[in-house]
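FYI, it's all coordinate maths here, none of it is from the lab. None of these values were measured; they are calculated from a predicted model. Cβ sites come from the backbone with ideal geometry, for glycine too, and all protein chains shown count toward neighbours.
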Amino acid sequence: MNIIVAIKHIPSLADELELNAEGTNLDFDEVDFTLNEFDEHAIEQAVLIKEASGGSVTVIGVDVIEELDGVLHTALAKGADKAAKIVGDFEPGIDSHTQARWLADAIQGMSPDLVLTGVQAADDLDGQIGPMLAAYLDMPYVGVVMGVEAADGKATVYKEYSGGVMAKFEVDLPAVIGVQAATSPPRYAPISKIRQVAKTAEIEEIEVDEEGDGAGLTLRKMAPPVSAGHAEMLDGDAEEVAEKIIEIIKSAGCCSGRVDRVDRVDRVDR
């Protein structure tokens, strides 16, 4: 079985994000990039299917900042067999619609039996890579999937609905699956193994020389969130803290009645 996993490299949300001088996007020279969390689950699910049913796993992504190799090496260390990246003369911040078109064109030539991708990316929460891949490849699509089994030209997928309701579907292959969580947590790849893979791994480069369809949207401005307030820590024993709380409530005008003092304090949770 030929399994393709489409991944996305996104700015690390664990770091402070810097904007460019124009305020129109992130300053991509000042942010670190990491593998999208949902795509990591897609890689794990692909490797689990390979281990259960045989076949090979190829991981592919768009190299938007020329730093995708590290992520691809990690995927290979986790059990993927091949890696490919889409390269070209383009700037970071490419919308998911354009990436989907490029990915579909590349994946089409790989004759996939099953295409997996994360259900959405944490940077834009667009959730359209999977459905658009399916449309471009003319394959069925199931998203928000919590587990996949594949054999004999069919896939059994477990899809989650609102409220934690689970449904079981049988899908004819080839198909595109949007993975929310793998059957088991993503496996850990030791740094030593990743470094060893990096020395010998061959990453196929697929060039694109034209723009994609685009999302039809233009990003005009970005700005950091405005601070609306702060937390105030109250020091002192229980009675002192209670008195301070009363003063805060009175100064905010939140009491319709009158509170002058505290007669008894049994407990203050801090």
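Can you put ASP27, ASP209 in order of Cβ neighbours within 10 angstrom, beginning with the fewest?
In order of increasing Cβ crowding within 10 Å: ASP209, ASP27.
Could you list, in their original order, any pairs among LYS85/LYS154; LYS221/LYS250; LYS85/LYS168 whose Cα atoms are separated by more than 31 Å?
LYS221/LYS250; LYS85/LYS168
Given C-alpha coordinates of the chain, what is the ratio Rg to Rh with the Kirkwood estimate of Rh? Walk me through the intermediate numbers first.
Working: Rg = 24.8 Å, Rh = 21.4 Å.
Across the chain, the Cα-based Rg/Rh ratio is 1.16.
Kindly provide log₁₀ I(q)/I(0) values, in the same order as q = 0.10, 0.15, 0.18, 0.19 Å⁻¹, from the Debye equation applied to equal alpha-carbon scatterers of the stretch 45-182.
-0.32, -0.75, -1.10, -1.22
Counting only Cα atoms, I'd like the Rg/Rh figure for the stretch 137-238, Kirkwood definition for Rh.
Looking at the stretch 137-238, the ratio lands at 1.16.
At most 14 other C-beta atoms within 10 Å and a DSSP loop state: those are the exposed GluC sites (Glu not before Pro) I care about. Give me the longest piece of the chain that has none.
Here the longest run is 68-201.
Can you list residues from other chains, or at least 5 along the same chain, whose modelled amide H is less than 5 Å from the amide H of VAL148?
Long-range HN contacts for VAL148: THR183.
Using Cα atoms only, what is the angle between the long axis of helix 69-78 and the major principal axis of the chain, expressed in degrees (0 to 90) to the nearest 10?
With rounding to tens, the tilt is 80 degrees.
Below 8 Å between Cα atoms, with a sequence gap of 6+, how large is the relative contact order for the stretch 44-166 in percent?
Reported relative contact order: 20 percent.
Please list 3J(HN,Hα) in residue order for the stretch 37-53, calculated via the Karplus relation 6.51 cos²θ - 1.76 cosθ + 1.60 where θ = phi - 60°; whole Hz, with x for glycine and proline.
Those phi angles translate into 4, 5, 5, 4, 5, 5, 4, 4, 5, 5, 5, 5, 5, 4, 5, 8, 10 Hz.
Could you list ARG187, ARG220, ARG195, ARG101 in order of exposure, starting from the residue whose Cβ has the fewest other Cβ atoms within 10 Å?
ARG220, ARG195, ARG187, ARG101
Under a Cβ-Cβ cut-off of 12 Å, what is the net charge of the residues other than ALA155 that fall near it, where Lys and Arg count +1 and Asp and Glu count -1? Walk me through the numbers on the way to the answer.
Values: positive: LYS154, LYS159, LYS168; negative: ASP113, GLU149, ASP152, GLU170, ASP172.
Net of charged neighbours comes to -2.
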